[in-house]
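This report concerns only the one structure given below.
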Amino acid sequence: MNQAATAARRALLVGGLPLALLALWWVASADSQSFYLPPLREILGVFAGVWLGPRLVDDVLPSLARLLAGFALAAVLGVALGVVVGSSRRLRAACEPVLEFLRAIPPPVLVPIFILVAGIGTTMKVLVIVSGCIWPILLNTVEGVRARDEVLEDTCRVYGIAGGARLRHLVLRAASPQIVTGMRQALSIGIILMVISEMFAASSGLGFTIIQFQRGFAIPEMWSGILLLGLLGVALSLLFRVFEHQVLSWYHGLRRAQRGPL
Amino acid sequence: MRAGRWQRWWLGVAGLGGFLVLLEVVPRSGLVPERYLPPTSRIAGALADELGQASFWRALGDTLEGWAIGLAVAVAAGVGLGLLIGSVPALRAATASTIEFLRPIPSVALIPLAVLLFGTDLRSKLLLVVYASFWQVLVQVLSGAQDVDPVAMDTAHSYRLGRWARVRHVVWPTTLPYAVTGFRLAAAVALVLAITAELIIGSPGLGKEIAVAQTSGAVPAMYALVVVAGLLGVGVNLAARALERRVLAWHPSTRREAAA
């Protein structure tokens, strides 16, 4: 009984405000005459028709595939370069100003440059996503590799662990919490760049379609696109949390153990 | 220690110099066509050209204006709401799921809405900048308010400090380092979004100049403007870090850093 009450309280706390806000939006917009702010009923009404038809295959899935490809490529490049740069003190000092500068360039600014080099096809969009996602991963990997535990380092040396085994069990392991942090930042940048690269110049894709709706004054359809982008952002961040939980379970356990029983 | 710092400095300068030379040599040798990647010297020339033009300075001013106003609004709202939500447990529990849901919504999703509502006005830039940077500040302030030492709080209660005095003397000093981190993150995000809004929506500013240079095929000028955007980003980062050190000079983490 008591347990049920606690569960109900929790559910109310988690779901209460979002539902209240949605209800408020629904009621407040119910008989909205404003052209730009259509009733929520209308937006949800067009949602399935707009996004679950052929557009799912033609626009939404290719966008997501480009995001995934760019993100994966950035992760591989970022971790590889990060391990190299992070392992040498001299190299790190030499690269730092250049990396700081490259990281500080707002990634959307690179869209025109990549259009120049690679046209407006898939290559350009993937390149844009890679160029934005790589910096948080690279810099976090450098930090993670640099700050690895000295005792573990010495232990590895004593036991003659070197080469690939050392890389896998010592360097990447030690840096993995930082790498995952970098990847989380990179993911939200990646979503933004996926949309922007398609808004700037494209003939298909999620960002392109939403801009088309806006230019054609298909307002409920445009709003449904905004909703879809929001849902995608939330879904990807939830997926990433599951991934993080899997990869870093050892780390969270270690932290709990170090903090001692509470 | 001192020698080590000099060595690091020299290595950094050498790295930067090497990077610039590489960008000069690669296009000159024909490895990458010059119309894609102009050599450093031509970019520098275009940059000097830009610096002499009034329109460039106006664009820079527009960008900085949108950045500063948006950042100020986001920081004020984030700190205010963060302290309010953070110091009332019931409020924190009730809003946690909503914040988790709203935060990952990419701010660029708002671009079409901003265009419809405000056109290429400053307001559409502000909408994007404020939305993106607000969450950075709010989330940091919330975790700061959560980090308050229970003993300090109990002490404040024992001394019968009022609600306001508790916020002022117990919650705020704990939250400040988090808030400053939030400010630093928000400052960088705000710049990205300001320039993005100009690039995509066409609000006046550096981003719009880049888009214009691209469509008119002025490749060196485009690269020069990208370099300016990068330098602006570096400047914002450095300024935010300097501010962090100043504001938190009393904080143990900064004091340790200074001693080391």
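Order of A:GLU221, B:GLU24, A:GLU153 from fewest to most other C-beta atoms within 10 Å?
Lowest count first: A:GLU153, B:GLU24, A:GLU221.
Where the eigenvalues come from the Cα gyration tensor of segment B:1-147, what are the semi-axes √(5λ) of the equivalent ellipsoid, largest first, in whole Å?
42, 25, 16
Take chain A, connect every pair of alpha-carbon atoms lying under 10 Å apart with a spring to form a Gaussian network, then pick out the residue of A:ALA104, A:ALA65, A:ALA80 with the largest mean-square fluctuation.
Result for chain A, Cα springs under 10 Å: A:ALA104 fluctuates most.
What number do you get for segment A:113-161 when its Cα radius of gyration is normalised by 2.2 N^0.38 Å, N = residues?
1.95
Between segment B:150-193 and segment B:18-70, what is the separation of their alpha carbon centroids in Å?
For segment B:150-193 versus segment B:18-70, the Cα centre distance is 41 Å.
Which residues among segment B:188-220 fall inside the zone where the amide N is under 12 Å from a point 7 Å beyond the Cα of B:ARG58, along Cα→Cβ?
Residues B:204-205 qualify, since their backbone N sits under 12 Å from the label point.
Using a Gaussian network model on chain B with a 10 Å cutoff between Cα atoms, which of B:ALA165, B:ALA194, B:ALA72 fluctuates the most?
The residue with the greatest mean-square fluctuation here is B:ALA165.
What fraction, in whole percent, of alpha-carbon pairs in the protein assembly as shown exceed 34 Å separation?
Of all Cα-Cα pairs in the protein assembly as shown, 44 percent lie more than 34 Å apart.
Given 4 °C and 1.567 mPa s, compute D for segment A:73-114 with the Stokes-Einstein relation, Rh being the Kirkwood radius over Cα pairs; round to the nearest whole µm²/s.
111 µm²/s
How many angstrom lie between the C-alpha centres of segment A:158-230 and segment A:66-96?
If we compute the Cα centre of each part, the gap is 17 Å.
Over segment A:39-259, what is the mean sequence separation of C-alpha contacts under 8 Å (at least six apart), divided by residue count, expressed as relative contact order in percent?
For segment A:39-259, the relative contact order is 27 percent.
To make sure I understand, if each residue's beta carbon is the centre and we count other beta carbons within 10 Å, what order do B:LEU60, A:LEU232 fall in, fewest to most?
Ordered from fewest to most neighbouring Cβ atoms within 10 Å, B:LEU60, A:LEU232 come out as B:LEU60, A:LEU232.
Using the Kirkwood formula over every pair of different C-alpha atoms, what hydrodynamic radius in Å results for chain B?
Taking the inverse mean of 1/r over all distinct Cα pairs, chain B comes out at 21.2 Å.
With springs only between Cα atoms under 10 Å apart, run a GNM on chain B and tell me which of B:GLY230, B:GLY205, B:GLY144 wobbles the most.
Checking each option, the largest mean-square fluctuation is seen for B:GLY230.
Just the projected area, averaged over all directions, of the convex hull on the alpha carbon atoms of chain A: how many nm²?
The Cα convex hull of chain A, projected and averaged over all directions, gives 20.3 nm².
Read the figures in this text as sums done on the coordinates, not as results from a lab. Because the structure is a prediction, the values reported are computed rather than measured. Every residue, glycine as well, gets a Cβ built from its backbone with ideal geometry; the counts of neighbours run over all protein chains shown.
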